[in-house]
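Presented below is the structure to which this report refers.
The values are calculated or read from the model by the stated rules, or taken from the named source; none is laboratory data. The structure displayed is predicted, hence computed values, not measured ones. Virtual Cβ from ideal backbone geometry, glycine too; neighbours counted across all protein chains shown.
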Amino acid sequence: MGAVFKSNRNVKIVAVIVAALVIAGGVIVFAQHRNEAAAVAFVPPETVPATAIESEYTYDIGEETDSVLNSEEFGDEDYHYAYEYYKDFDCDCDECFNAAGFAAIRIPTGEPGVYRAPMIALTFDDGPVLLTHYLLDILDEYGGRVTFCVIGDMVENGADIVLRAFEAGHEIVGHSWDHQDLARLSVEEIKQQIWDTGAIIEYVTGHAPPPIFRPPFGHFNRRIQHAAYQTGYSVLNWSIDPRDWRDRDEDIIHDHIIYHARDGAIVLLHDIHPTTIYAMRRTIPKLIKMGFELVTATEVIYYVYGELTPGYEFTGTRR
Ligand SMILES: [Zn+2]
C-alpha cells in the first residue's frame, strides 16, 4: 500500500517537472522569437518619388467651374494642397468623370516642371480573412499599395493571405492580438499586445513590421501612449472614416471617400465586409483617375510628418 502511494507520488513529481520544462521551453522559444523581431530593423520608405506627370485628368481651376478650392499649409511650401471636387457625381463613365473635373491638383515639388502625385493611404482593419483575396485581386489589377491592420491571433490561420499581401508590396501592421479595447488594459498588457502581434507578422512574412499599430476602435489614451513609446511604436489612426462597418453600403463608402479624398489622408476601412470590397472595385480606380497614388500608411506619415515618432498618434491630413 505504502509502495503504491510512494510510486504515485513519484509519478506526480515527474509530471510536475516535465510540465515545468515544457513551459520554460515555450517561454524561451517565445522570448527568442520576440528578440528576433526586435533585432530586424525596420527600413523607412524611400523619399517620395517626384514624377513628371502630364495627365489627361489634370484639370485647370477655371472660373466657370463650380469648384471648391481647399489649401492648407503643413509648415513647408511643398505641402500646399489644392483640390477641387463636386458634390454631384452620379455617373462613373470616363466622359462624365472628366467633364466634372474630378481630379486632384498636383503639387509642384519645388523643382521646375516636376510634379509629385498626391498620395492617399487606404487601411484595412480586422483581417486577414478570405475576402481579403478579392481586395488583393482588385489591387493587382489597378496597382497601388495599401496597409492591412491585422489581428494577431488571426494571422497564423490567414498566413497565406498575409504573405500574398506582403509579397505584393502592401504593408502589414498590427491591430492588437485579439481586438481588445486597449484603453482598458494596463501598460504592460498593451505592450504584450503590440509585441505579440509584431512577432507573428514577422514570423509569417519574415520581416519586422513597421513600428506602427492601429489600436482597436482608434482608442488612444495615456497608457496606450506610454506603451507605444516604450515599445518604440507609433499609433496609426485616420483622417477619413466612411463608417463602412456601420452602413454596409457600397455607394456610401465610395461617395464618402471620393468626396473627402485629399493629399496625405489616411482612410479607415475593414476588409471583412463584402460591401467594402465591392466599394473598392469602383473607389480604387477612381482615386487613381483623380491623380492619387495609393501608398502605405507609413509612406503617408513620412510624407506628411517627416518621421515616425514613438508614442505619437498619426492620423494623416484632415480637410
Ligand atoms: Zn478593428
- Query: What are the residues in the range 254-271 that are more than 16 Å from the ligand (Cβ to nearest atom) and aliphatic (A, V, I, L, M), if any?
  - Reply: Ile257, Ile258, Ala261, Ala265
- Given the structure, is Ile301 at pLDDT 95 or above, in contact with a Phe, Trp or Tyr (Cβ under 6 Å, 6 or more places away or on another chain) and not small (Gly, Ala, Ser)? no
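Looking for whichever is of a type outside the set (S, T, N, Q), more than 15 Å from the ligand (Cβ to nearest atom) and either closer than 21 Å to Ile272 by Cβ or out of contact with any strand residue (DSSP E or B) (no Cβ under 6 Å at 6 or more places or on another chain) (or both) here; the options are Arg223, Arg243, Arg214. Which one fits? Break it down into steps so the answer makes sense when it comes.
Details: Arg243 fails: more than 15 Å from the ligand (Cβ to nearest atom); Arg214 fails: more than 15 Å from the ligand (Cβ to nearest atom).
Just a single option satisfies the conditions, and that option is Arg223.
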- Yes or no: Ile252 surrounded by fewer than 23 Cβ atoms within 10 Å (Cβ to Cβ) and among the β-branched types (Val, Ile, Thr)? yes
- Item | Per-region count, the range 173-207, residues assigned to a loop (DSSP other than H, G, I, E, B) and either without any contact (Cβ under 8 Å) to a residue 60 or more places away in the chain or within 16 Å of the ligand (Cβ to nearest atom) (or both) | 10
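Consider the range 147-161. How many of its residues are within 16 Å of the ligand (Cβ to nearest atom) and either in a helix (DSSP H, G or I) or surrounded by fewer than 24 Cβ atoms within 10 Å (Cβ to Cβ) (or both)? Break it down into steps so the answer makes sense when it comes.
Pass one, the range 147-161, residues within 16 Å of the ligand (Cβ to nearest atom): 147-155, 158.
Okay, now just the ones that are also either in a helix (DSSP H, G or I) or surrounded by fewer than 24 Cβ atoms within 10 Å (Cβ to Cβ) (or both), so 151-155, 158.
Total meeting the criteria: 6.
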- Item | Filter result (over 13 Å from Phe148 (Cβ atoms) and within 14 Å of the chain's Cα centre (by Cα)) within the range 158-197 | Ser176
- Message: Need pairs with beta-carbon distance below 8 Å; first residue touching a residue at least 24 places away in the same chain (Cβ under 8 Å) and within 12 Å of Ile266 (Cα to Cα) and within the range 281-306, second polar (S, T, N, Q) and crowded, with 20+ Cβ neighbours inside 10 Å; sequence gap 6+ or separate chains.
- Response: Thr296/Thr147; Ala297/Thr123; Ala297/Thr147; Thr298/Thr147; Ile301/Ser234; Val304/Thr317
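Go through the residues of the range 274-284 one by one and say whether even a single one is surrounded by fewer than 21 Cβ atoms within 10 Å (Cβ to Cβ), of a type in the set (Lys, Arg) and not in a loop (DSSP other than H, G, I, E, B). If you could, list the steps in order and put the result at the bottom.
First, pick out the residues of the range 274-284 that are surrounded by fewer than 21 Cβ atoms within 10 Å (Cβ to Cβ): 274-275, 278, 281-282.
Next cut, of a type in the set (Lys, Arg) only: 281-282.
In the following step, the residues that additionally are not in a loop (DSSP other than H, G, I, E, B) were identified as 281-282.
Yes: one or more hits.
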